[in-house]
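Here the structure is laid out as C-alpha coordinates; the discussion comes afterwards.
The values are calculated or read from the model by the stated rules, or taken from the named source; none is laboratory data. Since the model is a prediction, treat every value here as computed from it, not as a measurement. Cβ atoms come from the backbone with ideal geometry, glycine included; neighbour counts cover every protein chain shown.
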Amino acid sequence: MTNSAPVPSGTVDRALRILEALAAQPEGLSLGDLSKEVNLPRSACHRLLADLARCGYVRQLREMGDYALTMRLPALGLSFLAGAGIVDIAQPIIDRLAEASGELVRLALVDGDRLTFVAKAQGARGGLRYDPDMGIDVRLSCSAAGHAWLMTLSEERATELVARQGLGSPREYGPKAPTTFKALMKVLEEDRNRGFSVMSEMYAPGMSAMAAPVLRRGREAVGVLTIAGPLQRLTEARMRELGRPLVDAAGELAIAATSSPVFRARATGMA
(Lines give C-alpha, C1' and ligand atoms only; values in the text may rest on other atoms or scores of the structure.)
Protein backbone atom coordinates (compact mmCIF):
# COMPACT_ATOMS: atom_id res chain seq x y z
CA MET A 1 0.00 0.00 0.00
CA THR A 2 1.34 3.41 -0.93
CA ASN A 3 1.64 6.18 1.58
CA SER A 4 -1.15 8.67 0.83
CA ALA A 5 -0.13 11.24 3.42
CA PRO A 6 -0.04 14.74 1.85
CA VAL A 7 3.31 16.40 1.34
CA PRO A 8 3.58 19.54 3.51
CA SER A 9 3.02 22.57 1.33
CA GLY A 10 5.99 24.29 2.95
CA THR A 11 8.32 21.53 1.77
CA VAL A 12 6.98 21.72 -1.78
CA ASP A 13 7.36 25.49 -1.79
CA ARG A 14 10.96 25.26 -0.58
CA ALA A 15 11.87 22.59 -3.11
CA LEU A 16 10.41 24.63 -5.97
CA ARG A 17 12.31 27.71 -4.83
CA ILE A 18 15.53 25.70 -4.98
CA LEU A 19 14.74 24.44 -8.49
CA GLU A 20 13.95 27.97 -9.69
CA ALA A 21 17.17 29.33 -8.20
CA LEU A 22 19.24 26.60 -9.85
CA ALA A 23 17.44 27.15 -13.17
CA ALA A 24 18.77 30.71 -13.16
CA GLN A 25 22.34 29.50 -12.53
CA PRO A 26 23.22 26.73 -15.02
CA GLU A 27 26.82 26.68 -13.79
CA GLY A 28 25.59 25.69 -10.34
CA LEU A 29 25.50 27.20 -6.85
CA SER A 30 27.26 26.29 -3.64
CA LEU A 31 25.20 25.17 -0.68
CA GLY A 32 25.95 28.43 1.11
CA ASP A 33 24.97 30.65 -1.83
CA LEU A 34 21.86 28.62 -2.53
CA SER A 35 20.68 28.74 1.08
CA LYS A 36 21.03 32.53 0.99
CA GLU A 37 19.27 32.78 -2.37
CA VAL A 38 16.19 30.87 -1.19
CA ASN A 39 16.38 32.14 2.39
CA LEU A 40 16.68 28.72 4.02
CA PRO A 41 18.98 27.37 6.74
CA ARG A 42 21.89 25.40 5.30
CA SER A 43 20.72 22.20 6.99
CA ALA A 44 17.20 22.43 5.55
CA CYS A 45 18.55 23.35 2.12
CA HIS A 46 20.95 20.39 2.21
CA ARG A 47 18.14 17.96 3.07
CA LEU A 48 16.00 19.18 0.20
CA LEU A 49 18.93 19.00 -2.22
CA ALA A 50 19.54 15.41 -1.16
CA ASP A 51 15.88 14.57 -1.86
CA LEU A 52 15.97 16.33 -5.24
CA ALA A 53 19.19 14.54 -6.15
CA ARG A 54 17.68 11.21 -5.18
CA CYS A 55 14.74 11.95 -7.52
CA GLY A 56 17.14 12.83 -10.33
CA TYR A 57 16.46 16.58 -10.60
CA VAL A 58 19.69 17.88 -9.01
CA ARG A 59 23.29 16.73 -9.12
CA GLN A 60 26.44 17.75 -7.30
CA LEU A 61 29.10 18.84 -9.77
CA ARG A 62 31.86 17.33 -7.66
CA GLU A 63 32.23 16.04 -4.12
CA MET A 64 31.51 18.88 -1.69
CA GLY A 65 31.02 21.13 -4.73
CA ASP A 66 28.25 23.18 -6.33
CA TYR A 67 24.75 21.92 -7.03
CA ALA A 68 23.12 22.15 -10.47
CA LEU A 69 20.01 20.96 -12.25
CA THR A 70 20.10 17.78 -14.27
CA MET A 71 18.39 17.66 -17.66
CA ARG A 72 15.36 15.91 -16.19
CA LEU A 73 13.41 19.09 -15.40
CA PRO A 74 14.04 20.78 -18.79
CA ALA A 75 13.16 17.49 -20.51
CA LEU A 76 9.90 17.40 -18.58
CA GLY A 77 8.98 20.88 -19.77
CA LEU A 78 9.95 20.14 -23.36
CA SER A 79 7.93 16.94 -23.27
CA PHE A 80 4.88 18.87 -22.08
CA LEU A 81 5.23 21.55 -24.79
CA ALA A 82 5.75 18.93 -27.49
CA GLY A 83 2.77 16.89 -26.35
CA ALA A 84 0.60 20.00 -26.22
CA GLY A 85 1.55 20.90 -29.78
CA ILE A 86 2.46 24.45 -28.79
CA VAL A 87 5.87 24.55 -30.45
CA ASP A 88 4.64 22.94 -33.68
CA ILE A 89 1.79 25.44 -33.90
CA ALA A 90 3.63 28.59 -32.88
CA GLN A 91 7.16 28.21 -34.23
CA PRO A 92 6.45 28.79 -37.95
CA ILE A 93 4.49 31.96 -37.13
CA ILE A 94 7.19 33.18 -34.73
CA ASP A 95 9.90 32.43 -37.30
CA ARG A 96 8.14 34.46 -40.01
CA LEU A 97 7.61 37.45 -37.73
CA ALA A 98 11.25 37.33 -36.60
CA GLU A 99 12.39 37.28 -40.22
CA ALA A 100 10.14 40.21 -41.12
CA SER A 101 11.07 42.31 -38.09
CA GLY A 102 14.74 41.41 -37.82
CA GLU A 103 14.33 41.26 -34.04
CA LEU A 104 13.69 38.80 -31.23
CA VAL A 105 10.14 37.42 -31.28
CA ARG A 106 8.77 35.46 -28.34
CA LEU A 107 5.55 33.75 -27.29
CA ALA A 108 4.40 33.87 -23.67
CA LEU A 109 1.48 31.81 -22.35
CA VAL A 110 -1.03 32.87 -19.73
CA ASP A 111 -0.82 30.30 -16.95
CA GLY A 112 -3.22 31.18 -14.14
CA ASP A 113 -1.92 34.42 -12.64
CA ARG A 114 1.38 34.21 -14.50
CA LEU A 115 2.74 34.91 -17.95
CA THR A 116 5.67 32.72 -19.03
CA PHE A 117 7.81 32.74 -22.18
CA VAL A 118 7.85 29.35 -23.91
CA ALA A 119 9.07 29.86 -27.49
CA LYS A 120 11.21 32.31 -29.46
CA ALA A 121 12.98 33.12 -32.74
CA GLN A 122 15.87 35.54 -33.20
CA GLY A 123 15.58 37.66 -36.33
CA ALA A 124 18.74 39.73 -35.78
CA ARG A 125 21.57 38.40 -37.91
CA GLY A 126 24.22 40.80 -36.64
CA GLY A 127 24.84 43.82 -34.44
CA LEU A 128 23.21 44.04 -31.04
CA ARG A 129 21.00 41.13 -30.07
CA TYR A 130 18.53 41.11 -27.21
CA ASP A 131 17.98 37.56 -26.02
CA PRO A 132 16.93 37.08 -22.35
CA ASP A 133 16.32 33.73 -20.70
CA MET A 134 13.27 31.65 -21.56
CA GLY A 135 10.94 30.04 -19.05
CA ILE A 136 10.87 33.09 -16.80
CA ASP A 137 7.75 34.64 -15.35
CA VAL A 138 7.17 38.00 -16.98
CA ARG A 139 7.17 41.12 -14.80
CA LEU A 140 3.77 42.51 -15.66
CA SER A 141 4.17 46.17 -14.69
CA CYS A 142 7.12 47.05 -16.93
CA SER A 143 7.16 44.58 -19.85
CA ALA A 144 5.47 44.81 -23.24
CA ALA A 145 4.20 41.25 -22.80
CA GLY A 146 2.76 42.06 -19.39
CA HIS A 147 1.02 45.19 -20.69
CA ALA A 148 -0.43 43.31 -23.68
CA TRP A 149 -2.06 40.84 -21.29
CA LEU A 150 -3.14 43.40 -18.71
CA MET A 151 -4.81 45.58 -21.35
CA THR A 152 -7.28 42.74 -22.05
CA LEU A 153 -8.37 42.62 -18.38
CA SER A 154 -10.52 44.85 -16.24
CA GLU A 155 -8.74 47.55 -14.25
CA GLU A 156 -9.56 45.65 -11.04
CA ARG A 157 -8.10 42.37 -12.30
CA ALA A 158 -5.02 44.04 -13.77
CA THR A 159 -4.41 45.89 -10.50
CA GLU A 160 -4.81 42.66 -8.53
CA LEU A 161 -2.24 40.80 -10.63
CA VAL A 162 0.33 43.60 -10.51
CA ALA A 163 -0.18 44.13 -6.77
CA ARG A 164 0.37 40.42 -6.15
CA GLN A 165 3.60 40.39 -8.14
CA GLY A 166 4.75 43.86 -7.07
CA LEU A 167 6.15 46.76 -9.03
CA GLY A 168 9.69 45.71 -8.19
CA SER A 169 12.69 47.74 -7.11
CA PRO A 170 14.39 50.33 -9.37
CA ARG A 171 17.10 47.83 -10.34
CA GLU A 172 14.41 45.51 -11.74
CA TYR A 173 13.01 47.88 -14.38
CA GLY A 174 14.05 50.58 -16.83
CA PRO A 175 14.15 54.36 -16.32
CA LYS A 176 10.79 54.97 -18.03
CA ALA A 177 8.76 52.24 -16.31
CA PRO A 178 5.47 53.22 -14.63
CA THR A 179 6.07 53.22 -10.89
CA THR A 180 2.51 53.88 -9.70
CA PHE A 181 -0.78 52.14 -10.49
CA LYS A 182 -2.18 55.39 -11.87
CA ALA A 183 0.70 55.68 -14.34
CA LEU A 184 0.36 52.03 -15.31
CA MET A 185 -3.37 52.34 -15.99
CA LYS A 186 -2.71 55.34 -18.24
CA VAL A 187 -0.22 53.32 -20.29
CA LEU A 188 -2.66 50.39 -20.54
CA GLU A 189 -5.40 52.68 -21.83
CA GLU A 190 -3.07 53.93 -24.57
CA ASP A 191 -2.23 50.31 -25.42
CA ARG A 192 -5.94 49.39 -25.70
CA ASN A 193 -6.59 52.27 -28.07
CA ARG A 194 -3.62 51.22 -30.21
CA GLY A 195 -4.43 47.50 -30.15
CA PHE A 196 -0.96 46.45 -28.97
CA SER A 197 1.53 47.54 -26.32
CA VAL A 198 4.58 49.66 -27.07
CA MET A 199 7.37 50.61 -24.70
CA SER A 200 10.79 52.16 -24.72
CA GLU A 201 13.24 51.71 -21.82
CA MET A 202 10.52 50.54 -19.44
CA TYR A 203 11.86 47.02 -18.97
CA ALA A 204 15.55 47.80 -19.33
CA PRO A 205 17.75 50.74 -20.40
CA GLY A 206 18.33 50.90 -24.14
CA MET A 207 15.66 48.31 -24.97
CA SER A 208 12.33 48.67 -26.81
CA ALA A 209 9.52 46.15 -27.13
CA MET A 210 5.99 45.72 -28.38
CA ALA A 211 3.40 42.99 -27.88
CA ALA A 212 -0.05 41.85 -28.97
CA PRO A 213 -2.37 39.47 -27.13
CA VAL A 214 -3.33 36.12 -28.61
CA LEU A 215 -7.09 36.20 -28.14
CA ARG A 216 -9.64 33.41 -28.04
CA ARG A 217 -13.23 34.36 -28.90
CA GLY A 218 -11.91 37.86 -29.45
CA ARG A 219 -11.61 38.66 -25.77
CA GLU A 220 -9.68 36.15 -23.60
CA ALA A 221 -5.90 36.30 -23.85
CA VAL A 222 -4.32 32.83 -23.82
CA GLY A 223 -0.91 34.16 -24.77
CA VAL A 224 1.10 37.16 -25.90
CA LEU A 225 3.37 37.63 -28.92
CA THR A 226 6.26 40.07 -28.50
CA ILE A 227 8.95 41.79 -30.55
CA ALA A 228 11.95 43.17 -28.67
CA GLY A 229 15.26 44.73 -29.59
CA PRO A 230 17.74 47.55 -29.04
CA LEU A 231 16.25 51.06 -28.89
CA GLN A 232 18.61 52.33 -31.58
CA ARG A 233 17.10 49.84 -34.04
CA LEU A 234 13.58 49.26 -32.72
CA THR A 235 12.54 52.92 -32.75
CA GLU A 236 9.02 54.30 -32.28
CA ALA A 237 8.68 54.71 -36.05
CA ARG A 238 9.84 51.13 -36.63
CA MET A 239 7.37 49.81 -34.04
CA ARG A 240 4.53 51.64 -35.80
CA GLU A 241 5.53 49.88 -39.02
CA LEU A 242 5.55 46.51 -37.25
CA GLY A 243 2.20 47.00 -35.53
CA ARG A 244 0.07 45.42 -38.26
CA PRO A 245 2.38 42.42 -38.88
CA LEU A 246 2.48 41.78 -35.12
CA VAL A 247 -1.30 41.93 -34.68
CA ASP A 248 -1.83 39.77 -37.78
CA ALA A 249 0.62 37.16 -36.47
CA ALA A 250 -1.15 37.10 -33.09
CA GLY A 251 -4.47 36.63 -34.88
CA GLU A 252 -3.04 33.82 -36.99
CA LEU A 253 -1.72 32.14 -33.87
CA ALA A 254 -5.13 32.45 -32.17
CA ILE A 255 -6.77 30.61 -35.07
CA ALA A 256 -4.07 27.93 -35.25
CA ALA A 257 -4.17 27.44 -31.47
CA THR A 258 -7.59 25.81 -31.60
CA SER A 259 -5.84 22.51 -32.35
CA SER A 260 -3.80 22.62 -29.12
CA PRO A 261 -5.36 21.08 -25.99
CA VAL A 262 -3.42 23.56 -23.84
CA PHE A 263 -4.89 26.60 -25.57
CA ARG A 264 -8.35 25.05 -25.50
CA ALA A 265 -8.07 24.33 -21.77
CA ARG A 266 -7.00 27.92 -21.06
CA ALA A 267 -9.86 29.34 -23.06
CA THR A 268 -12.35 27.01 -21.34
CA GLY A 269 -10.96 27.90 -17.92
CA MET A 270 -11.45 31.61 -18.57
CA ALA A 271 -14.95 31.33 -19.97
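So here's what we get for this one:
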read-out: Residue within the stretch 76-96 that is within 19 Å of residue 17 (Cβ to Cβ), modelled with pLDDT of 80 or more and of a type in the set (A, V, I, L, M) present; value: no
read-out: All positions within the stretch 210-232 that are charged (D, E, K, R) and either at pLDDT 95 or above or in a loop (DSSP other than H, G, I, E, B) (or both); value: 217, 219
read-out: Test: residue in the stretch 176-184 that is surrounded by 21 or more Cβ atoms within 10 Å (Cβ to Cβ), among the β-branched types (Val, Ile, Thr) and touching a Leu at 6+ places or on another chain (Cβ under 7 Å); value: no
read-out: Matching residues, the stretch 13-66, being in contact (Cβ under 8 Å) with a residue 40 or more places away in the chain and surrounded by 14 or more Cβ atoms within 10 Å (Cβ to Cβ); value: 18, 19, 22, 23, 25, 28, 58
read-out: Hits in the stretch 127-180 (condition: modelled with pLDDT of 85 or more and of a type in the set (S, T, N, Q)); value: 141, 143, 152, 154, 159, 165, 179, 180
read-out: Residues located in the stretch 103-120, provided they are outside any strand (DSSP E or B) and farther than 17 Å from residue 151 by Cα; value: 103
read-out: Positions within the stretch 199-240 being β-branched (Val, Ile, Thr) and crowded, with 24+ Cβ neighbours inside 10 Å, in sequence order; value: 214, 222, 224, 226, 227
read-out: Residue within the stretch 185-193 that is among the charged types (D, E, K, R), within 13 Å of residue 148 (Cβ to Cβ), at pLDDT 95 or above and surrounded by fewer than 21 Cβ atoms within 10 Å (Cβ to Cβ) present; value: yes
read-out: All positions within the stretch 25-57 that are closer than 16 Å to residue 71 by Cβ and under 25 Å from the mean Cα position of the chain (by Cα); value: 25, 26, 27, 28, 52, 57
read-out: Which numbered condition residue 56 misses (of (1) at pLDDT 90 or above; (2) over 24 Å from residue 122 (Cα atoms); (3) part of a helix (DSSP H, G or I)); value: (3)
read-out: Condition check for residue 16: in contact with a strand residue (DSSP E or B) (Cβ under 9 Å, 6 or more places away or on another chain) and either of a type in the set (S, T, N, Q) or assigned to a helix (DSSP H, G or I) (or both); value: no
read-out: Test for residue 104: is it surrounded by 19 or more Cβ atoms within 10 Å (Cβ to Cβ) and modelled with pLDDT of 70 or more; value: yes
